[in-house]
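Structure first, then comments.
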Amino acid sequence: MDIATVLEHIGDFGKYQLYVQLLTCLPPALCGAHQRAHVFLAATPEHRCYIEGCDNNKTRFHEPWASFAIPEGSPSDVQCFKYSRVSPTNSTCLASDFSNISRGCDRWIYATTEFEETIVTEFNIVCKDEWLVSFSQSLFMLGVMVSAVVFGHISDRYGRRISFLVVPPIFLISAWATVFTSSYAAFTSARFITAIASSALFQTSFVLAIELIGPSHRLLSMLIYQMAFPLGECFLAISAYYLRTWRTLEIALSIPVFLLLPYYWLLPESFAWCLYNSKHAQALDIINKAARWNGKPPVPDMVGTAILPIPHISSGTMHPLTYFTSSTQKSGRGNLTRPVPNHLTAPALTLCRLVNAMVYYGLSLSAEDLAGSTYKNFIFLALIEFPGVILSVLALRFFGRRYVLSFYLIVAGIFCAIVPVVPDNIQWLTTTLVIIGKCNISASFAVIYLYSAEVFPTSHRNTGIGIGSMSARLGTIAAPFVASDLGRLHPIMPMIVFGSMSLLAGVLTLTLPETRGQRLPQTIEEAESLGT
């Protein structure tokens, strides 16, 4: 009996699969909230030097004496320097008390109109230390990369469900530890662990859900799952709007993590993983439970039954799975030394994954830099992901993978590239262009996962997808520095980088082979013949 037959017997998408699908939507929602929380937790409000003799506990951010106590000029001058005092005492605040010689600040006053308190204002991460803000988010993304490597291996070796026993307590502890951190180092360390935990559940829940669903409904599964991430972003934006201090916001994000604690007992193991690892009795229990929920008769005992490869994966598959007969050998270390198929396919796809992730996360982080309310900009950038995912699903039903991917990357690149030429007095147009760019890059984000799974042969699929995921994580690590630090050099630089790189990736995608409507390649030879 092959797994396609099992899915045909229990139904591609019945009550049981819907139950699992809905449960597995919580991890990506929480991942979306915690991953994007940096926009609010580490927001940098307007700031200026604290002026001795002028400032006190009742001082407002904007004061008339700032004109003679703080130098005019670039944001760096206004925010990081003050004029030296001439008088030896700090008892008065007159223009004659200050010279025209500036010196660096050692204490700051922050505007509280949008953010009452962030880690930036609490730990004074500004001026010469402002790079630490980007570094904190890049370290978070490094945690995502570590998670992909470590828990991907654990999930493949010990089962999908084991992550839901080990990880939720770690996630809960690290999230609540973040609330009580009293230093930048402690905050960044706690967030690093949160990144590992949240991402582990994100990837494991996706695999667990997709392995229970038949080919005809995997596109629906992808749609439901992809919607969960921006839902988490919307929850974050609403929470941040009403909770203006970073600790109370982190508490709001940490409370839902309690819901993950019983998941080990609520979720089933993947019967595909059980069958592949010769756990036939456990697989039979899961299959019969699914059949019972779906109103189907039980299947006979499968002990000793060979598990055959699925001969064809429909064009709607989001994450095609590979199964082996009992005589099929797992890819060993020797396989990894063989050349990657289509020699140029792997490097081209790796670059596309890096660019796609960098632009996607970079545009998400740009909410603080756009004109208007950070909260409104952020929720618009989150909501636009919904039509982006829907557009990608619709396009995949009618057009080839590479053309759809190329189209969305190029359109995203065009809109990003237009932003630098928009006049400063038409800020609404800049925001609109960025939002449309985010919509298209979100669509390409969904497509590229599908394509990555379809282009590599069985012997190299895990390796190929793993390399692609690593390159994507490098893109997300670079995104905060491009969006924030490069923007401080010149405001137009981030969009120039995002636009040009997205255009390059879109053109490069056209050189890749087409995989729509073709069976998954089992050998290097079959992979090399894709699109021919």
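The values are calculated or read from the model by the stated rules, or taken from the named source; none is laboratory data. Not measured: the values here are computed from a predicted model. A quick note on method: Cβ atoms are made from the backbone with ideal geometry, for glycine too, and the neighbour counts reach across all protein chains shown.
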Positions within segment 1-60 being among the hydroxyl-bearing types (S, T, Y) and part of a helix (DSSP H, G or I), in sequence order: T5, Y16, Y19
Helices (runs of 4 or more DSSP H) within segment 180-257 that include 3 or more residues in contact (Cβ under 8 Å) with a residue 24 or more places away in the chain, outside the structural domain of F398 (by TED's automatic domain parsing) and under 16 Å from the mean Cα position of the chain (by Cα): 184-210, 218-242
Matching option when the condition is farther than 30 Å from S183 by Cα and either among the basic types (K, R) or under 33 Å from the mean Cα position of the chain (by Cα) (or both), among R60, R107, R85: R85
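Could you say which residue among A348, A371, A367 is touching a Ser or Thr at 6+ places or on another chain (Cβ under 8 Å), modelled with pLDDT under 80, part of a helix (DSSP H, G or I) and not acidic (D, E)?
Working: A348 fails: modelled with pLDDT under 80; A371 fails: part of a helix (DSSP H, G or I).
Being touching a Ser or Thr at 6+ places or on another chain (Cβ under 8 Å), modelled with pLDDT under 80, part of a helix (DSSP H, G or I) and not acidic (D, E) holds for just one of A348, A371, A367, which is A367.
Give L165, L172, L220 a once-over and let me know the one that is modelled with pLDDT of 95 or more and aliphatic (A, V, I, L, M).
L172
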Filter result for D2 (in contact with a Pro (Cβ under 9 Å, 6 or more places away or on another chain), modelled with pLDDT under 90 and not hydrophobic (A, V, I, L, M, F, W, C)): yes
Looking only at segment 398-435, and only at residues there that are among the aliphatic types (A, V, I, L, M) and not in a helix (DSSP H, G or I), the one that is surrounded by the most Cβ atoms within 10 Å (Cβ to Cβ): V422
Which listed residue is within 17 Å of L433 (Cβ to Cβ) and among the β-branched types (V, I, T), from I390, I379, I384: I384
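If you check V419, V447, which single one turns out to be at pLDDT 80 or above, farther than 30 Å from R157 by Cα and either in the same structural domain as E368 (by TED's automatic domain parsing) or among the polar types (S, T, N, Q) (or both)? Break it down into steps so the answer makes sense when it comes.
Working: V447 fails: farther than 30 Å from R157 by Cα.
After ruling out the rest, the residue left standing is V419.
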Residue count, segment 49-63 (criterion: loosely packed, with under 13 Cβ neighbours inside 10 Å and of a type in the set (A, V, I, L, M, F, W, C)): 0
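Search segment 263-280 for residues being at pLDDT 85 or above and assigned to a helix (DSSP H, G or I), and hand back the single one that is nearest to the chain's Cα centre (by Cα). Break it down stepwise before answering.
Narrowing segment 263-280 to residues at pLDDT 85 or above: 263-269.
Remaining after also requiring assigned to a helix (DSSP H, G or I): 263-266.
Working: Y263: 22, Y264: 24, W265: 27, L266: 26 Å.
Among them, the one singled out is Y263.
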Residue list for segment 66-85, restricted to those being at pLDDT below 85 and either at positive phi or of a type in the set (A, V, I, L, M, F, W, C) (or both): A66, G73, V78
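Working only within segment 360-385, note down all residues that are more than 13 Å from the chain's Cα centre (by Cα) and buried (at least 24 other Cβ atoms within 10 Å of the Cβ).
First, the residues of segment 360-385 that are more than 13 Å from the chain's Cα centre (by Cα): 366-381, 383-384.
Scanning segment 360-385 gives S366, A367, F378, L381.
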